[in-house]
Amino acid sequence: MNRARRPPLPHPLAPVFDRAVDSLSAALHPNTTRHYRGTVRKFLTYLGAAYPQVRSLDQQRRDPHILGWMSSLRSQVPPLVTASCINLLLHLRYIFHELAWTQQLPELAHLIRREDVPRRPRRLPRPLTAQQDQLLQQEFLHRNDLGGNAFLLIRHTGMRIGECADLSCDCLRSSGPNQWAVHVPLGKLQTERMVPVDSFVCTLVQRLRFFRSLDPLPADGLLLARPGTKDALVRQLRDYMHQVCHSLGISTRLVPHQLRHSHASEMLRSGVGLPAVMKLLGHTSPDMTMRYIDLALSDLRREFDLARSKPRHLVPQPKTPIASLRAGLDGVMDALFSAQHVLEMFRRALPNGASRTCLARLSNRLTKIVAEARKLATP
């Protein structure tokens, strides 16, 4: 069901801003365009209420119009989260840059400065504790209902709750003999991916297919039936998890996205490299993946001990022969080969300089000696 469109904003600058948004969003996602139009509505609503005398672009001033709007954003009740404030300021800044170009008013490009945009908060990873993870998985398995299987699927694939709501009934794909993967459709970052899964996840998908076959709602090709809209299904799943946490006596307010953090941390501890974890989560940059991975002190200690036991920067030393050298000319050849190998390994470990150059000349002489000694072995 389509939402009713909002009535047009009764402000003389609304048509000019709308044209700028149309120009900016020509190649953007519809959701991004919607956010741009929401920013315009917020700004012009404030401007019309606080400064009704401003009716043209050349009347726009940083002080008091822009600074006043920024102050109103900070004074909202409940307070506006930092991410929302950043998006509003960036969207309006891009719109003013577009207007400065199209309307030949270069001063508009300086109304919102780079330093006006706050920094994004550095969020720490939020995986579940080992006890919380174990309790929740056991409870989900015990209940064995639609919500429990859906959250187990999220936990063991690392997908977002919105991506789980978009899964199709045929999301389980064969990738080889006895190999399976879940096709995760286009999600938050407009990317799709294939996530390798084991037999347990295959069983989860089969259970969810069974629950879908029992649902009275008409078949729509989706794995999870929607009671109206996708947002309604997501709210229903979130409420389910809150009920499970309450029944287990978990005081911490947990959210489904923490299951995704736990999956990412588990993959890293299992030896999966960062590029592979990034692909499994559907991220487009390593920085985004690092926000999901929790490195505990025990993880750092394990990596430190591994580096000390098997340092990669050291050149492997030749093994000392246990058996004695052969007699005669064969023993001479063995000794020459061993000396040549030891000399070359030592030379490679040295930095560039006179000593390394001198050893290179000695190594070449040994190569010639070995060649002459081989001639002696010929009858």
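Key figures
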read-out: ³J(HN,Hα), Karplus 6.51/-1.76/1.60, whole Hz, each residue of the range 102-115, x for Gly, Pro; value: 6, 9, 6, 10, x, 5, 5, 5, 10, 5, 10, 9, 4, 6
read-out: For Asp145, net neighbour charge (Lys/Arg +1, Asp/Glu -1) across residues whose Cβ lies under 12 Å away; value: +1
read-out: Equivalent ellipsoid semi-axes, the range 328-377, via Cα gyration tensor eigenvalues times 5, rooted, Å; value: 24, 11, 5
read-out: Selected from Val370, Leu128, Ile95, residue furthest toward positive end of dipole (the chain; charges at beta carbon); value: Val370
read-out: Cut-off under 5 Å, modelled amide H: who pairs with Leu222 long-range; value: Cys169
read-out: Packing rank of 60-69, 174-183, where each peptide gets the mean count of other beta carbons within 10 Å, highest leading; value: 60-69, 174-183
read-out: Relative contact order computed over the range 14-116 (Cα-Cα under 8 Å; 6+ residues apart), in percent; value: 30
read-out: Whole-Hz ³J(HN,Hα) from phi, Karplus 6.51 cos²θ - 1.76 cosθ + 1.60, for the range 347-354, glycine and proline x; value: 5, 5, 7, 8, x, 4, x, 5
read-out: Under 5 Å, built H, 5+ apart or other chain: amide partners of Val197; value: Trp180, Ala181, Val182
read-out: Cα long-axis angle, helix 230-248 against the chain (0 to 90 degrees, to the nearest 10); value: 70
read-out: Within the range 14-116: Cβ-based charge dipole about Cα centre, in debye rounded to nearest 20 (Lys, Arg +1; Asp, Glu -1); value: 220
read-out: For the range 198-214, 3J(HN,Hα) per residue [Karplus equation, 6.51 cos²θ - 1.76 cosθ + 1.60, θ = phi - 60°, Hz, x = Gly/Pro]; value: 9, 5, 5, 5, 4, 5, 4, 5, 5, 5, 5, 5, 5, 4, 5, 5, 8
read-out: The chain: C-alpha gyration tensor shape, a/c 1.5 cut-off, then a/b vs b/c; value: oblate
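Bear in mind these aren't lab numbers, they're just calculated from the coordinates by the rules spelled out. As the structure is a computational prediction, the values presented were derived from the model and not from experiment. Reconstructed Cβ throughout: ideal geometry from the backbone, glycine too, with neighbour counts over all protein chains shown.
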